[in-house]
Amino acid sequence: MMRIGFVGLGNMGFPMARNLAAAGLDVVGFDIATGVPGGVKQGEDVRMTSKGRDIVVTMLPDGDVVRAVAAEIIPIMKRGSVLLDCSTIDVESARAVANDSGSAGIHFVDAPVSGGIAGADAGTLTFMAGGTSVAYEMVRPIFEIMGQRSVHCGDSGSGQTAKMCNNMIFGVTLIGTCEAFVLADRLGLDRQKLFDVVSTSSGYSWTMNAYCPAPGVGPVSPADNDYRPGFSAELMLKDLRLSQRAAEQVDADTQLGRLATDLFERFVDMEDGLGKDCTAMLPRLETRKRDQC
Ligand code: NAD
């Protein structure tokens, strides 16, 4: 039976570890702040949770924490085993941990996810994986338990690259969609009519069609739940910041990505966006005037 170590049992890691145990795998878990789900054995610390395991999954807040945990566990992980990081982190950190793992004879796969807490709970996540084909094949069986789709994107760091590019598109499209609703409101166009047209025209997108920022319009979304997350504005900001950090490093011209980052920065850090779903950008824009700072 596959022996799994799981480090980081927060909003995402907790249900992911639970699903692995429910599928009959031998899972040991550890988190500095929370307990383990039913069916998962409590690890003593990160080292004991990782020792002798075939795959160690990490689901942690950011690149610094992933680097710190990796530095602790790589020296004691079983040679030939896989360190599978599902956190969303910067490409640089993913590549650095991949190098350190490789030097110690351990495979590394960066596999950030899309699908949020609901997807983690239901086992319907999408994994975007970076690493060798050998390592990808080793972790694929557990992707199939925790998710419904995985894409092998290429070498180490390419999972993170795919994720940040996806979320940069999401951020930019979401703001554009919210702006369109506000413009339509002010011109007297009914929101449902705007949805009926756009969702089947060239303006359609995931955010309009499946995650509509307007309450009562389109499928049920956080807008219908008083903008409780969902995908929070601060997680959107985190991912947009990662995209801009990467864009600076490779000298890529991503002006709309930068504008989206600035807007979410203002919303989360200086206004009342913290703790709200990212689609709360719509009620924010509703209260504003043209060219208001
Ligand atoms: P979270 O903050 O709920 O969970 C992170 C967990 O890591 C916490 O429980 C924390 O106690 C634990 N942790 C921190 N340092 C640790 C250490 N040294 N050892 C052991 N445990 C430690 O975050 P989350 O929402 O579960 O997200 C996890 C990752 O998934 C993040 O990188 C996030 O960007 C990404 N993500 C989240 C979502 C979402 O909707 N929440 C969606 C996609 C991707």
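Rolling a 1.4 Å probe over the heavy atoms of the protein chains gives the chain an accessible area of 47 Å² per residue. Across 5 Å bins from 0, what is the distribution of all Cα-Cα pair distances for the range 153-229, in whole percents? So the P(r) values, bin by bin, are 3, 15, 21, 22, 15, 9, 7, 4, 2, 1, 0. Distance from the C-alpha centroid of the range 1-68 to that of the range 74-116: 14 Å, rounded to the whole angstrom. One quarter of the convex hull surface built on the alpha carbon atoms of the range 35-190 amounts to 11.1 nm², the projected area averaged over directions.
Its alpha carbons considered, the range 1-52 gives a radius of gyration followed by a Dmax of 9.6, 28 Å.
Once the Cβ-Cβ distance of Asp26 and Gln255 is raised to the sixth power relative to R0 = 51 Å, the FRET efficiency obtained is 0.55. With the convex hull drawn over the C-alpha atoms of the range 126-259, the volume per residue is 135 Å³. Pairs of lysines in the chain whose Cα atoms sit within less than 18 Å of one another amount to 4, provided the residues are eight or more positions apart or on different chains.
Sorting the segments 268-281, 125-138 by their residues' average number of neighbouring beta-carbon atoms within 10 angstrom, most packed first, yields 125-138, 268-281. The fraction of accessible area contributed by carbon and sulfur in the range 140-226 is 56 percent, rounded to a whole number (1.4 Å probe; ligands and nucleic acids excluded). Rg ratio for the range 108-164: its Cα radius of gyration over 2.2 N^0.38 Å, N being its residue count, equals 1.02. Ligands, DNA and RNA left out, the 1.4 Å accessible surface of the range 66-113 is 48% carbon and sulfur atoms.
For the peptides 73-81, 163-171, the ranking by packing is 163-171, 73-81, with the highest mean count of neighbouring Cβ atoms within 10 Å listed first. With the convex hull drawn over the C-alpha atoms of the range 139-198, the volume per residue is 108 Å³. Between Ala68 and Cys165, the contour length at 0.36 nm per residue exceeds the Cα-Cα span by 32.4 nm. Treating each Cα of the range 58-120 as one equal point scatterer and applying the Debye formula with no solvent, the log10 of I(q)/I(0) at q = 0.15, 0.30 Å⁻¹ comes out as -0.42, -1.34.
When both bridge partners sit in the chain, DSSP labels roughly 15% of those beta bridges antiparallel. Working note: Cα atoms of the range 1-119, range along each principal axis, descending, whole Å: 35, 28, 23. Its residue count N sets the reference 2.2 N^0.38 Å, and the alpha-carbon radius of gyration of the chain equals 1.06 times that reference.
Computed with the Debye formula from one identical point scatterer per Cα of the range 32-96, without solvent, the log10 of I(q)/I(0) at q = 0.24 Å⁻¹ comes to -1.16.
The values are calculated or read from the model by the stated rules, or taken from the named source; none is laboratory data. Just so you know, these numbers come straight off a predicted model, no measurement behind them. With ideal geometry, Cβ positions are generated from the backbone for all residues, glycine too; neighbour counts draw on all protein chains shown. With ligands, DNA and RNA removed, areas are computed over all heavy atoms of the protein, side chains included. Shrake-Rupley method; radii C 1.70, N 1.55, O 1.52, S 1.80 Å.
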